[in-house]
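Comments concern the structure below.
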Amino acid sequence: MREKAARALVALAGRSLGGGGSGWALAMEAELDAAAEDGRALGFALGCVAAAWRELPAHEEGRFILASNALALVLLVPAAALLLASVAGDFPFSYLGAAGGQMPLVNDANLPAVPPLAALVALLAAAHLRIAWLVLERDWDRVAGAAMLAAAAAVTSVIFTAVAFVDCASAIRQAGTLCVELAAVAALARWHGRRAYA
Amino acid sequence: MLALLEGLSERPREWRHGYELMKKTGLSSGTLYPLLMRMTEQGLVEAEWQAPAQPGRPARHAYRLTASGVALARASEEAGRPSGLRVSPA
């Protein structure tokens with residue numbers, strides 16, 4: 001079990017070293033047997049992962065890996081979490097009032113619009129998570145599809161909140177944030193396309 | 001880096017495997033491999049693939065100092081000695 005985990009960790013280190021470091025990845029893998037004979041396979045493998053991660057900023061593929069992880073984990077996943085938190089909280093006030101303006105007017109006339117708006121915001125959050133996952137997978141065709149879905153949900157929420165709640169500031173801010181996120185994703189896809197990493 | 005230079009310079013023409021170097025120098029794999037990568041890039045260490053000692057095992061990467069690496073190891077050894085023991089030109 002420990003040796004299997006060690007082999008998986010050394011494979012992870014090899015992936016992190018990228019194409020340019022494939023020789024070093026094989027060198028680490030070949031030493032694993034010697035470490036395992038001493039009962040130190042796991043410690044050796046953890047060290048290999050640390051070595052590979054320390055090397056990430058030193059080569060372009062490593063910098064690409066760091067940038068795509070940062071985009072997914074620092075921008076897209078927190079954005080999805082904030083959207084989901086607003087749906088789980090005092091919706092629609094948690095969402096519409098987030099822009100800092102007047103609290104939205106919710107009455108008998110527009111109350112039925114709240115569940116569809118919550119579904120739209122949840123869809124936008126799900127699209128964020130899907131984009132984050134696909135960015136890490138480097139599946140740019142599917143990223144484009146998920147980005148279209150997110151853009152459609154964002155535009156619909158702007159129109160929907162403007163008509164139903166006469167206040168679309170939060171939805172516009174959300175759409176603006178999405179534009180920035182998608183521009184960053186497009187820049188990452190262009191970077192990947194120029195270098196065509198495996 | 002000094003520990004690795006010292007470890008490799010003991011028998012400078014001898015090829016050594018990564019795990020053997022770890023045991024000899026006390027460095028972890030997380031420290032040893034980045035050092036080997038840098039020193040190979042800088043031409044201080046050379047590496048070659050060696051056929052496995054046992055069938056079914058993968059080929060192993062072995063390392064030794066280049067001439068520049070040996071010179072650097074000697075220079076650092078000289079610099080590390082107490083001044084009274086330093087070899088001075090006649």
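The values are calculated or read from the model by the stated rules, or taken from the named source; none is laboratory data. Just so we're clear, the structure is a prediction, and the values are computed from it rather than from any experiment. Positions of Cβ are generated from backbone atoms using ideal geometry, with glycine treated the same way; all protein chains shown enter the neighbour counts.
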A:G39 passes all but one of the listed conditions (1) at the interface with chain B (Cβ under 7 Å from one of its Cβ atoms); (2) out of contact with any helix residue (DSSP H, G or I) (no Cβ under 6 Å at 6 or more places or on another chain); the exception is number (1)
Give the residue that is farthest from A:T177 (Cα to Cα), with candidates limited to residues of the stretch A:45-101 that are in contact with a Ser or Thr (Cβ under 6 Å, 6 or more places away or on another chain) and without any contact (Cβ under 8 Å) to a residue 24 or more places away in the chain. A:G47
Before we move on, is A:A36 within 15 Å of B:E20 (Cα to Cα) and surrounded by 21 or more Cβ atoms within 10 Å (Cβ to Cβ)? no
Any idea which residue in the stretch B:24-38 is farthest from the other protein chains (Cβ to nearest Cβ), counting only those that are under 23 Å from B:A79 (Cβ atoms) and hydroxyl-bearing (S, T, Y)? B:T25
Extreme residue, surrounded by the most Cβ atoms within 10 Å (Cβ to Cβ), among residues of the stretch B:61-82 that are in contact with a helix residue (DSSP H, G or I) (Cβ under 7 Å, 6 or more places away or on another chain) and of a type in the set (S, T, Y): B:Y63
Assess whether A:I172 counts as being out of contact with any Phe, Trp or Tyr (no Cβ under 7 Å at 6 or more places or on another chain), farther than 23 Å from A:A67 by Cα and of a type in the set (V, I, T). yes
What are the pairs, 6+ residues apart or on separate chains, where a residue within the stretch A:1-26 that is on the phi > 0 side of the Ramachandran plot has its Cβ under 9 Å from a residue that is outside any helix (DSSP H, G or I) and among the aromatic types (F, W, Y)? A:G18/A:Y197
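Here is a list: A:A154, A:A146. Which entry is touching a residue at least 12 places away in the same chain (Cβ under 8 Å) and closer than 20 Å to A:L73 by Cα?
Numbers: A:A154 fails: closer than 20 Å to A:L73 by Cα.
None of the other options fit; the residue is A:A146.
Return the residues of the stretch A:142-198 that are β-branched (V, I, T) and out of contact with any helix residue (DSSP H, G or I) (no Cβ under 7 Å at 6 or more places or on another chain); say none if nothing qualifies.
Filtering the stretch A:142-198 down to residues β-branched (V, I, T) leaves A:143, A:155-156, A:158-159, A:161, A:163, A:166, A:172, A:177, A:180, A:185.
Correct list: A:I159, A:V163, A:V166, A:V180.
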Limited to the stretch B:4-24, what total is found for residues that are of a type in the set (S, T, Y) and within 16 Å of A:C48 (Cβ to Cβ)? 1
Is at least one residue of the stretch A:50-73 at pLDDT 90 or above, within 12 Å of another protein chain (Cβ to nearest Cβ) and under 21 Å from B:R16 (Cβ atoms)? yes
Please go through the stretch B:1-23 and give me each residue that is away from every other protein chain (no Cβ under 13 Å), farther than 14 Å from B:H61 by Cα and among the charged types (D, E, K, R), ordered by number. B:E6, B:E10, B:R11, B:R13
